[in-house]
Amino acid sequence: MKQFELQGKVAIITGASKGIGEAIARLFAHAGAKVVVSSRNLESVQQIARSVIEDGGQALAVAAHTGIAAQLGELVEKTVAHFGSIDILVNNAATNPVFGPALHTGEDAFDKIMAVNVKGPFLLCQKAYPELAKRGGSIINISSIGGLSPEEYLGIYSVSKAALISLTKVLAKEWGNAGIRVNAICPGLIKTKFSKALWDNEKMLERFTRNLPLARIGTPEEIAALALFLASEAAGYCTGAVFTADGGYTI
């Protein structure tokens, strides 16, 4: 369906060296977008970009740390210099250096979580705004079900993802008159390296999936499919929305 095509669009995806970000980059490229794959590790994103190009897509690898404002500016500048515009921004990069109760989360860990998970997406949205506003664009923030209700042992991470949901709604309300749509996806447990501590433990996995309506964890490709919808014309009347993809966990 043409509604789901991204032909001629330019998309930046952060945290695209693996997992959900990589799946989104590959699917967007398959749908016709020119994709900018970004993460801290240049070698990793170069490998993804080469693979996308070998599959017939258009891709550019740019190393950028989401927690460093100057590098976010360079990400936007390099994207425009190479592809000429920005139409889609996917804020997927995230960090969680602690797995345990909030009581034991140190100040440094708190600052790092907020810098990467909230401040980084905010600054990148600001820097991309002039390009996104030229033709109307789509911003997709990858939050978490933890942003809707705090997850055990992921307290401050959950706080950051709740803030990202609020940021999504603020920007959707303020930037709608510029034709920019801003939406959030809240994945449940997805089989990625980032969440390995949860799904790699058999007892914890069984406990998590026991009462799930779909009785399984999700895949990065399932999140990518929802991101494609939100990036495309099919979601032309969706903004400020929060979409869960969690196997029914939040029912």
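The values are calculated or read from the model by the stated rules, or taken from the named source; none is laboratory data. Everything quoted here is computed from the prediction, not taken from an experiment. Note: ideal-geometry Cβ built from the backbone for every residue, glycine included; neighbour counts use all protein chains shown. Areas reflect the complete protein model, heavy atoms only, side chains present, ligands, DNA and RNA absent. Shrake-Rupley method; radii C 1.70, N 1.55, O 1.52, S 1.80 Å.
With the requirement that a residue be among the charged types (D, E, K, R) and buried (at least 16 other Cβ atoms within 10 Å of the Cβ), what does the range 75-112 give you?
If the condition is that a residue be among the charged types (D, E, K, R) and buried (at least 16 other Cβ atoms within 10 Å of the Cβ), then 78, 87, 112 are the ones that fit.
Within the range 139-152, is even one residue in a helix (DSSP H, G or I) and more than 20 Å from residue 226 (Cα to Cα)? Full working, then the answer.
Step one: list which residues in the range 139-152 are in a helix (DSSP H, G or I), which gives 145-147.
Within this subset, residues satisfying the condition of being more than 20 Å from residue 226 (Cα to Cα) are none.
There is no residue in the range 139-152 that is in a helix (DSSP H, G or I) and more than 20 Å from residue 226 (Cα to Cα).
Regarding residue 9, is this residue charged (D, E, K, R), in contact (Cβ under 8 Å) with a residue 40 or more places away in the chain and touching a His at 6+ places or on another chain (Cβ under 9 Å)? Steps first, please.
Working: charged (D, E, K, R): yes; in contact (Cβ under 8 Å) with a residue 40 or more places away in the chain: yes; touching a His at 6+ places or on another chain (Cβ under 9 Å): no.
Spelling it out, it is not the case that residue 9 is charged (D, E, K, R), in contact (Cβ under 8 Å) with a residue 40 or more places away in the chain and touching a His at 6+ places or on another chain (Cβ under 9 Å).
Of all helices (runs of 4 or more DSSP H) completely enclosed by the range 166-247, which ones contain at least 3 residues that are under 20 Å from residue 91 (Cβ atoms) and in contact with a Ser or Thr (Cβ under 7 Å, 6 or more places away or on another chain)?
By residue number, 220-231.
May I ask you to say which residue of 143, 166 is in contact (Cβ under 8 Å) with a residue 24 or more places away in the chain and either small (Gly, Ala, Ser) or out of contact with any Asp or Glu (no Cβ under 9 Å at 6 or more places or on another chain) (or both)?
Just one listed residue meets the conditions, 143.
Pairs only if they're at least six apart or on different chains, beta carbon under 6 angstrom, first in the range 41-69 and at pLDDT 95 or above, second assigned to a helix (DSSP H, G or I) and open to solvent by 70 Å² or more (accessible area, probe 1.4 Å); list them, first residue then second.
59/53; 60/82; 61/46; 62/78; 63/42
Residue-by-condition table, conditions (1) touching a helix residue (DSSP H, G or I) at 6+ places or on another chain (Cβ under 7 Å); (2) farther than 29 Å from residue 74 by Cβ:
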position	(1), (2)
117	yes, no
120	yes, no
141	yes, no
152	no, yes
177	no, no
180	yes, no
186	yes, yes
203	no, yes
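Name the residues in the range 24-39 that are within 12 Å of residue 221 (Cβ to Cβ), open to solvent by 10 Å² or more (accessible area, probe 1.4 Å) and in contact with a helix residue (DSSP H, G or I) (Cβ under 8 Å, 6 or more places away or on another chain), would you?
26, 27
Give the residue that is nearest to residue 27 (Cα to Cα), with candidates limited to residues of the range 204-243 that are crowded, with 20+ Cβ neighbours inside 10 Å and of a type in the set (S, T, N, Q).
Here the answer is 232.
Considering only the range 192-238, state which residues are under 16 Å from the mean Cα position of the chain (by Cα) and farther than 24 Å from residue 98 by Cβ.
Once the filter is applied, which keeps residues that are under 16 Å from the mean Cα position of the chain (by Cα) and farther than 24 Å from residue 98 by Cβ, the range 192-238 yields 219, 221, 222, 224, 225, 226, 227, 228, 229, 230, 231, 232.
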